[in-house]
Structure formats: structure tokens, C-alpha cells
Amino acid sequence: MTQAEHERHFNDKIAKEIKIEPNDWMPDEYRQTLIRQISQHAHSEVVGMLPEGNWITRAPNLRRKAVLLAKVQDEAGHGLYLYSATETLGADREQTIDDLHTGKAKYSSIFNYPALTWADIGAIGWLVDGAAIMNQVALCRTSYGPYARAMVKICKEESFHQRQGYESLMKLCNGTPQQKAMAQDALNRFWWPALMMFGPNDAESTHSEQSIAWKIKRFTNDELRQSFVDATVPQAEILGLTIPDENLKWNEERGHYDFSEINWDEFWQVVKGNGPCNKERLAARIKAKEEGLWVREAANAFAKKRAMKKSA
Amino acid sequence: MSNSDWPLWEVFIRSKQGLNHKHVGSLRAPDATLALENARDVYTRRSEGISIWVVESAHIHATDIDQADAFFEPSDTKIYRHPTFYEVPDGVKHM
């Protein structure tokens, strides 16, 4: 086939909602966009373990500790599904991870905010996983097969992540006034960063238009953000918490909540590496890779020993 | 040696007795034993399986996607292999 025929065939599949699979011909830019987006997504899963992992030893009881451990373990698995998906596109896994460590690759800016109190762990489950799920449910229909399949599996597993966070906050909100204040404080700090998770406004989003055309993204940043606000406001009301936005109000005409403009200066500062925890997060990932080296070496030595025994 | 030297393994899981093993994804591991253990940890955290196969990706041979149309053409043209090809009067039962 000629280049033009390949392109026509590819566009035809996209138009007919036929998934693109690893060995199919695809435009270079489609491949690069996917590698960038999926690896960024993988990094977010992995870096996302850090703020929560920090609280495993301090969870208030055994039930919460077991739940948090299971959630963090899921995130590691999700990172793996996604790194595997980048490999199907020809990306080198080690290189992908090194790109994170050198700061070349990004991850979700939300994880550059600290988890200061136990209530933050509840807020992260409710809001951060809630926002991630909003985004990921849409991605279950993305045009690249391995990415879509990873998303289906991730969404199935993550539904408990949001629920456990909400349940944990519910407990605090029905507790002492101090506990409820702690929950409110967590919402105050995580609300805006959670809205920033959907990325820049559509007009400012550099990759959006082409990604929508290729059906990599199925909804724009602003559409997903609006869905998240609409879904989350009633959940906050049930908790008895106040969303920190005085302009938040139901718009009968639009059938959606109106809300204030996001502080985009803060967003770009965090994306550029100047958030409260950017340096700490990267340092933790680099340390984990370096200090985990002996485990990988031991696994190799053990595999070699087993192979020798077998052949002897 | 880093884990990029570890071979890639394809993971197949039988979800319950009576069903086929089905491809669920891939992972890297230094040998089959660790590949199976890692597959258990990442692909069956919620009782998704009762049996796992791992196969080194390098050992999988696949049809050429660019030749797919020609390769599968013989089957596409033989519509008489399907029961709907044959006409049977309305009154005929159990067929």
C-alpha cells in the first residue's frame, strides 16, 4: 500500500469506530501522541502512590490500612498496564521511566500537592480518583485498542477507590466538630487542584483538537470538567461540606453548575515544576529505582540459578 | 542488568473452569516462575482467574496484518458454510 492508501484506510477505521491495534499502520503523530499521553498516564498512576503510601502506616485502624494498601497496590498495577500499552507502540519501557526521572515527561499535577492530614486521603479518593474516573470512563472508548482495554480494566478496579474515599470522609463528617473541620479543610485544599486535573481550557489546549479527531480523546477538557462539577456538587451536599467557590451555582438555562475561573497561574506553575511537592516526588521515584536495583539483580540471579538447576 | 533486559511475557488467564484462557496483557520478568507470580499479582487481584499461562512474546507468531485481506479471503467468500445460506420452508421444524 502507498502512504496515501494507508492513511485513507486508517482514517476509515477511525470513522467507523474500528479500533487501531499495535501492528496496524498508523500516522507517526498518532503514535507519538499516544506514547506521550499513555506514558504520562502511567507516570501519574505511579507517582500517585506517593501521597497515599505516606499514610499507610498512619491509617487510623486496620480496616482503613488494608483498604489503603489495596488501593495503592492497584495504582501500581495500573501503571504496569499503561507502561505495557506504551510498549505495544514501540516505546522502550526503561526510557519511558527515565524520561519521568529527568523531568522530560509529565504526570498529573495533582500529585504535587501534599496529603497533610488523614482527611486528605479521603478527599483524594473522592475527588482525585473521582476526576480520574470521569476522564478514564471516557477513555474506555479511545481509538487505540490496548489503551482502551487497559482503561476498561482500570475503571473496573477504580470504582472502589472513589467510594472508599467518600465513605472515609462521611465518617469524619458525622464525627466530632474537629473531624468535620478537617474534612472541610481537605476539600478546601483539593477542590481546585482536582478541577485542574482536566487540563487547560479547550481554547488553550494544544493537543486537544487533533486528539478528538483521532478519537484518542472522546470529550474535551472543559466538557469533562463540567461533568465532574455537576456530579460532585450534590455529593458534597450529602457530606454537609461547602465547596470553596462563592460563584458556584446551578444554571437552570444551561442545565449545569456555573463555577469560578481556575487560577491558571497556579496550574502552570505546578506543571512547570514549581508546585509544593514536585522535587520531592521525583526524588522519591529516583530513589525507589536506585534502591530497588538489588531486588531486580536478585531476581536475575535467582532466575539464573533456577535455570541451571533445571538443565543439570 | 536492569529489567529492560527481562523478556516480555504475554499473559493468558482462564477465568473459570470450562472457559478458554484469554489474553489479558503483558509484563516483564526474568523467568517463567516470576512471570507467573507477577501475573497473579497484577492480573488476578480480584479472583479473575484459576489458571494462568505466560508465553514469551518472542515465541508468538502472528499473521501479517498487511496481508490480512488476502489471507482470510478464502473464508469470506464461502457463504455456503453458514446455515443461513440455505432456504428451508417455513413449516419445517427442529432444523
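The values are calculated or read from the model by the stated rules, or taken from the named source; none is laboratory data. The structure presented is a predicted model; accordingly, all values stated were derived computationally and were not measured. All Cβ positions, glycine included, derive from the backbone under ideal geometry; neighbour counts span all protein chains shown. The accessibility values were calculated without ligands, DNA or RNA, using every heavy atom of the protein model including side chains. Shrake-Rupley method; radii C 1.70, N 1.55, O 1.52, S 1.80 Å.
Numbers below:
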| quantity | calculated |
| --- | --- |
| Residue check, A:Glu252 acidic (Asp, Glu) and surrounded by 13 or more Cβ atoms within 10 Å (Cβ to Cβ) | no |
| Filter result for B:Ala35 (more than 28 Å from A:Ala298 (Cβ to Cβ) and open to solvent by less than 40 Å² (accessible area, probe 1.4 Å)) | no |
| Those residues of the range B:8-36 which are over 23 Å from A:Ala91 (Cβ atoms) and among the β-branched types (Val, Ile, Thr), in sequence order | B:Ile13, B:Thr33 |
| Among (1) over 16 Å from the mean Cα position of the chain (by Cα); (2) within 22 Å of A:Tyr166 (Cα to Cα); (3) in contact (Cβ under 8 Å) with a residue 12 or more places away in the chain, the one test that A:Arg225 misses | (1) |
| Residue ID - most open to solvent (accessible area, probe 1.4 Å), chosen from residues in the range A:17-46 that are of a type in the set (Val, Ile, Thr) and in contact with a Gly (Cβ under 9 Å, 6 or more places away or on another chain) | A:Ile35 |
| Conditions (1) modelled with pLDDT under 95; (2) in a loop (DSSP other than H, G, I, E, B); (3) open to solvent by less than 60 Å² (accessible area, probe 1.4 Å); number of the one not met by A:Met1 | (3) |
| Elements of type strands (runs of 3 or more DSSP E) in chain B, at least 1 residues being within 8 Å of another protein chain (Cβ to nearest Cβ) | B:8-14, B:21-28 |
